Every structure is written in structure tokens, then in C-alpha cells.
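J.: Below are the C-alpha cells for one structure; questions will follow.
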Amino acid sequence: MSWFKFGFGKKKRDKSEEAAPETEETSTVSEDGASSAPPSADPADAAGQDDAEADGPAPDGEGSSPLDAGEIIAEGPDLPDEAFVFRESRDPAEREAQAPLEAAGLEPVAEPDDTAGASDLEAAPEDSTDPEGGDSAPEAPAPEERKGFFARLASGLKKSSSRFSESVTAVFTRRRLDDEALEELEDLLIAADLGAATAAKVAGRLAKDRFDKDVSPEEIKQALADVVAETLLPYEAPLDMSGPSPQVVLFVGVNGSGKTTTLGKIAVKMTREGGDVITAAGDTFRAAAVEQLEVWSKRAGATFLSRPIGSDAAGLAFDAVAQAKRDGADAVLVDTAGRLQNKAELMDELRKIVRVLKKQDESAPHHVVLVLDGTVGSNAISQAEAFMEAANVTGIIMTKLDGTAKGGALVQVAEKFGLPIHFIGVGEGEADLQAFDARAFARALAGVEG
């Protein structure tokens, strides 16, 4: 499944091709620190280059300097124009090897701290330490290749599938499918938060083909998987970012649903596809949320905007869209404060954000994504009703499915409101927020292998 419907990757490549001719020539630094012609024009520089090459061949890079392949780390504001610097190693053996570079007039700088921007540390790993040194930094994502999509999904939904599997096995081992058995099956499905409509469909399908015959738990699981997949397939949809830029995405939901973390993970995915993203910390009531989003934004390389705690969130959203227009950004991701759906004054604040965004762009917000906590089960329906009325929700993300036996609630929400399901979260890691796949979800929920 694709994450987004948008050509971020193509845009990034096009920009790279346009910028390529500017890197054909490189200048070097003479012993007095002034910029000069290419190395062959100055004997002193040539000698310095020979000394550096004596330590080993230069790695392949875009330029001709032996420092180009990852060693050149900055063009600091206090250095001469176009001055190259190299990273001063803390290892004694490496320091000795760097002596020829110092002799060539290149100025060493200390190892950079973790607050350096993405442009200054192009070779730095993405899973660097929390820039603020605090405890709120998200855990570094594990490589997605370590675990397949279905394996992560099945593992995340294990509580839901295990509860259902145990109940079905207890009821239907060596038993004929009669009226009493069908009634018990419907009760089991409703208890799993799948809803009465889905329960009736599963029971009807089994009754048609297997009534008054022996039925195995595996057959029941397969029937459930088929019905859930058929129900959810029409709502399987990527986040469509293909409209005019900037696309404005407003994230809404109750307290603790995972809005801020989800927004951060999506920002990472968007920037990796080449998108220029601005994040706005609209949860101006909670300092931890602002700090958390700032950490995710730095990891993503996204522009981060915030205001002091207690400030007007609508004003921040307005400013974020204005800056996106000036900078030519692709997307603005706006976080909001968690609010209970029965608190009228808080829902009014959300309506205000929507009104103010429309003053910048009549079509904004282009997406209002409701982040639902999977652990609330059927209560997700009342949450969806309230937020749809206040903010005209356009899509759903359900999180925390790994910590609940109520994963079937997603089926109820989809059936009742007909909203697109963009992503589901089955864990804390970045890879655990997955593009929604209806068939894979149905198999994992029912406990069907493969």
C-alpha cells in the first residue's frame, strides 16, 4: 500500500537535476585561508593534496577534493566564503591521520552536537539522539525490512485475534452449526466490537453453506476475514496530497489518542518522499506536545512552528499556512489539543481553527484527519460523530491497536460513517504506523495465517 497519493519523489529528483550543474567546480583554501583556484594552480595546495592522498585514495564523491565524501560538514558563517572544514576526530589515531589536512590549511572543527540542522549533517544517521537531551524523544525507528508488513500487523492485532480465536475454539470444537451456535457466534463478534451488522453477515454466510454441518474454528475465522475485508475495502485509501500546494492537514482527536506522534511519523514519511513540510504545534495547552513535535520535526527535516503555551492555536495555524505559501512548501501538518467530544467550548475552539484557516485558503483544511484510540472500542463511534460535526472529518487513523482486544471497532466506524481509512498504528515504532490494507487487516484481526 502506498502512503500518499502524491509525486513527492519525482519532485525531489527534478530539483536535484536542476541543481547538478552548480557543483561542477570546487575551490580550495590556501594556507592563509583565502579562496583560490583549483588545486593544480597552487603548488602549496597541490602538496597538501598529495599528503592527504598518501593516507589512502579519496572516496568517490561529486567533487575532486579528498574531503568531499562525507568529511566536509559545514560552511560556517564565521569562515571565509566557500571555506571547507573537516571534522576534528576525538580518536587519537584518527587525529594523527588528520595532520596532513591541517598542514594544507584546512581548519578543523569540533565534533558537531546533535542540534545541528539537517543541511549541516547530511551524512548523519536519521536516528540521532534527542536534540534536547530529554526523555520525550521518540525511540529511533528500526529498519522496516526486519519485519514484514503482515507480521507487524498480526503481532500488533494479537490481542484482538487471540481473544476471538480462543472464544471460537471453545464454542465450536466438534459442534454442528445450528441456530444456537449461530446465536453464540453473533454474541462473540459483537463482544469483539465488530458490531451487529458485521456479526449478522458472518453468521449468514456460514449458515448458507455450513448449516447443520460440523464447522471448524478455521472456517469461522476465514468467514470473518472475508466479511471484514469486503466491508473495509471501499474505505482503503492513501492520504491524497495531489491538490494545489500547500495541502493543509488538520489532526484532531481526544486526549491521548496519539495525534502528535502520528503527525510526526507522517512528516517523516512525507519528507523522505521529497516533500517540503511545515509542522505547526497547535496543542498550545501542553508543553510536552510542543517538545515532542519539535523532536519529530527535526528528525523529519521539516520546518517547525510553535508559540508560547496558552497562545491562540488558530493564529498559529494561520501563520503556518502563510509561511507555506511564501516558502512554496508542499504540506502544512497542524496538530491540535486533545479535547473530549462532550466539551462544547473545546469543540468551538476547533471550529475556530477551521474558520481561520479558510481566511488563508478557502479550500483549507484540505484534510481533517481524526486520530482514534483503538483501546476505546465502540466509544470511537461517539467520538467520530462529534468531530465530524465540528470539523468535517475527511479520514481516519486508528492507533494503539496493539494494546487492545477491541480492534474490531474500526469496522463499526467505517460502516457507520463511510470515511476513508488512511493508516493504522500497531506499535510505538515509526514502522508500526502502516498504510491501511483492508485484506491484511481482516486476516490479522481474524487470526488467519498468511
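The values are calculated or read from the model by the stated rules, or taken from the named source; none is laboratory data. Given the structure is predicted, the values throughout are model-derived calculations rather than measurements. Cβ coordinates were reconstructed from backbone atoms using ideal geometry, including for glycine residues, and neighbour counts include every protein chain displayed. What goes into the accessible areas is simple: the full protein's heavy atoms, side chains included, and nothing from ligands, DNA or RNA. Shrake-Rupley method; radii C 1.70, N 1.55, O 1.52, S 1.80 Å.
J.: Out of Arg307, Arg355, Arg299, Arg286, which single residue is within 30 Å of Lys406 (Cβ to Cβ), in contact (Cβ under 8 Å) with a residue 12 or more places away in the chain and among the basic types (Lys, Arg)?
T.: Arg286
J.: On to the next question. Six or more apart or on different chains, Cβ under 6 Å: which pairs go from a residue in segment 190-204 that's on the phi > 0 side of the Ramachandran plot to one that's open to solvent by less than 20 Å² (accessible area, probe 1.4 Å)? Could you list them?
T.: Once the first residue is on the phi > 0 side of the Ramachandran plot and sits in segment 190-204, its partners that are open to solvent by less than 20 Å² (accessible area, probe 1.4 Å) give Asp193/Gly377; Asp193/Gly408; Asp193/Ala409.
J.: Continuing with this model, one more query. Do the conditions hold for Lys269, that is, is it within 19 Å of Gln434 (Cα to Cα), among the charged types (D, E, K, R) and touching a helix residue (DSSP H, G or I) at 6+ places or on another chain (Cβ under 8 Å)?
T.: Details: within 19 Å of Gln434 (Cα to Cα): yes; among the charged types (D, E, K, R): yes; touching a helix residue (DSSP H, G or I) at 6+ places or on another chain (Cβ under 8 Å): no.
No.
J.: Search segment 412-422 for residues being in contact with a Gly (Cβ under 6 Å, 6 or more places away or on another chain) and either charged (D, E, K, R) or buried (at least 21 other Cβ atoms within 10 Å of the Cβ) (or both), and hand back the single one that is nearest to Ala446 (Cα to Cα).
T.: So, considering only residues that are in contact with a Gly (Cβ under 6 Å, 6 or more places away or on another chain) and either charged (D, E, K, R) or buried (at least 21 other Cβ atoms within 10 Å of the Cβ) (or both), the one nearest to Ala446 (Cα to Cα) is Gln412.
J.: Output the residues belonging to segment 170-224 that are in a loop (DSSP other than H, G, I, E, B) and among the aromatic types (Phe, Trp, Tyr). Walk me through it before giving the result.
T.: The initial filter retains those residues of segment 170-224 that are in a loop (DSSP other than H, G, I, E, B), namely 173-175, 177-178, 192-195, 211-213, 215-216.
Correct list: Phe211 only.
J.: Filter segment 227-251 down to the residues that are open to solvent by 40 Å² or more (accessible area, probe 1.4 Å), touching a helix residue (DSSP H, G or I) at 6+ places or on another chain (Cβ under 7 Å) and not charged (D, E, K, R) and list them by number.
T.: Leu233, Tyr235
J.: So which residues in segment 203-213 are in contact with an Asp or Glu (Cβ under 8 Å, 6 or more places away or on another chain) and open to solvent by less than 50 Å² (accessible area, probe 1.4 Å)?
T.: Listed by number, the residues that qualify are Ala203, Leu206.
J.: Check Leu305, Leu316, Leu293 and return the single one that is within 19 Å of Leu357 (Cβ to Cβ), at pLDDT 95 or above and under 13 Å from the mean Cα position of the chain (by Cα).
T.: Details: Leu305 fails: under 13 Å from the mean Cα position of the chain (by Cα); Leu316 fails: under 13 Å from the mean Cα position of the chain (by Cα).
Checking each option against the conditions leaves just Leu293.
J.: Of all residues in segment 423-450, count the ones that are among the aliphatic types (A, V, I, L, M), surrounded by fewer than 23 Cβ atoms within 10 Å (Cβ to Cβ) and touching a strand residue (DSSP E or B) at 6+ places or on another chain (Cβ under 7 Å).
T.: Total meeting the criteria: 2.
J.: Please state which of the following conditions Ala267 fails to meet, knowing it meets all the rest: (1) surrounded by fewer than 22 Cβ atoms within 10 Å (Cβ to Cβ); (2) touching a residue at least 60 places away in the same chain (Cβ under 8 Å); (3) among the hydrophobic types (A, V, I, L, M, F, W, C).
T.: (1)
J.: From (1) on the phi > 0 side of the Ramachandran plot; (2) in contact (Cβ under 8 Å) with a residue 60 or more places away in the chain, pick out the condition that doesn't hold for Asp212.
T.: (2)
J.: Quick check on Ala280: is it modelled with pLDDT of 95 or more and small (Gly, Ala, Ser)?
T.: yes
J.: A further question on this structure: With (1) modelled with pLDDT of 75 or more; (2) surrounded by fewer than 16 Cβ atoms within 10 Å (Cβ to Cβ) as the list, and Ala181 as the residue in question, which single condition is left unmet?
T.: Of (1) modelled with pLDDT of 75 or more; (2) surrounded by fewer than 16 Cβ atoms within 10 Å (Cβ to Cβ), only one is false for Ala181: (2).
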